[in-house]
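These notes are about the structure you will find just below.
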Amino acid sequence: MMTKAKIAPRDEAVTRVAAWRALGQRIVFTNGVFDLLHRGHVEQLAAARAFGDRLVVGVNDDDSVRRLKGEARPLAPLEDRMVVLAALESVDLVTSFGEDTPLKLIEVLKPDVLVKGADYSKDQIAGADFVLANGGRVETVALVPGRSTTALVEKIKGER
């Protein structure tokens with residue numbers, strides 16, 4: 001599928017996910033800022049995809065990134081971050097959300113599996129209670145040591 005075809009607004013994402021579910025496919029969801037895509041992101045997304053048939057990635061919009069990470073972020077605008085994610089083989093669909101957490105997006109997509117990095121405990125994962133209450137699973141995947149956007153930014157700035 002062409003990269004831009006993998007990017008959809010929330011309402012279209014809901015429609016695509018429903019179509020995949022009607023075919024019996026297991027929907028996996030993860031989310032994040034994905035400001036500077038690095039090996040850790042790529043490995044986490046591939047691991048997430050392995051939990052099901054389709055991987056949907058929710059991306060924080062620019063305003064929510066600024067609220068969460070400060071005025072200096074995001075480094076890359078939303079559209080750029082979404083295009084880079086959509087180019088990955090493991091990713092089937094990319095959509096965005098403007099809230100500080102993806103809870104509302106999770107509630108409309110109703111994924112079968114919710115995945116986050118192992119830096120989160122399951123009780124810290126937004127949407128975990130909703131997914132579990134609807135018969136789904138919540139999984140965490142191992143981080144790649146030393147691979148983070150913060151570490152990259154510090155290295156670029158000469159702080160490491």
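The values are calculated or read from the model by the stated rules, or taken from the named source; none is laboratory data. Quick caveat: nothing in here was measured; it's all calculated off a predicted structure. When we count neighbours, we look across all protein chains shown, and the Cβ atoms used for this are built from the backbone with ideal geometry, even at glycine. We work out accessible area using only protein heavy atoms, side chains counted, and drop any ligands, DNA or RNA first. Shrake-Rupley method; radii C 1.70, N 1.55, O 1.52, S 1.80 Å.
If you stretched the chain out fully between Ala133 and Ala50, how much longer would it get, using 0.36 nm times the residue separation minus the C-alpha to C-alpha distance?
27.7 nm
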Show Glu89, Glu43 ordered by accessible area, largest first, where the area counts protein heavy atoms only and the probe is 1.4 Å. Glu89, Glu43
Report the accessible area of Thr140, computed with a 1.4 Å probe over the heavy atoms of all protein chains in place, in Å² rounded to the nearest 10. 50
Which one, Leu105, Leu68, Leu85, has the greatest fluctuation when you compute a Gaussian network model over the chain with C-alpha springs under 10 angstrom? Leu68
If you roll a 1.4 angstrom probe over the protein chains with everything in place, what fraction of the accessible area of the chain belongs to carbon and sulfur, to the nearest %? 52
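Express the accessible area of the stretch 2-151 per residue in Å², computed with a 1.4 Å probe while the remaining protein chains stay in the model.
On a per-residue basis, 48 Å².
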How much of Val115 can a 1.4 Å solvent probe reach, expressed as accessible area in Å² and rounded to 10? 0
Taking R0 as 22 Å, what FRET efficiency do you get between Ala118 and Arg66 from their Cβ-Cβ distance, rounded to the nearest 0.05? 0.25
Whose amide H sits under 5 Å from the amide H of Phe29, counting only residues 5 or more places off or on another chain, with H placed in the peptide plane? Val56, Val113, Leu114, Val115
Applying a 10 Å radius around every beta-carbon, put 71-79, 50-58 in order of their mean neighbour count, most first. 50-58, 71-79
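Would you work out the charge dipole size for the chain about its Cα centre, treating the Cβ of every Lys and Arg as +1 and the Cβ of every Asp and Glu as -1, and quote it to the nearest 20 debye?
Dipole magnitude for the chain comes out near 300 debye.
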Anything over 23 Å Cα to Cα? Flag those among Lys69/Lys116; Lys69/Lys110; Lys6/Lys110; Lys6/Lys104; Lys4/Lys122, in the order listed. Lys69/Lys110; Lys4/Lys122
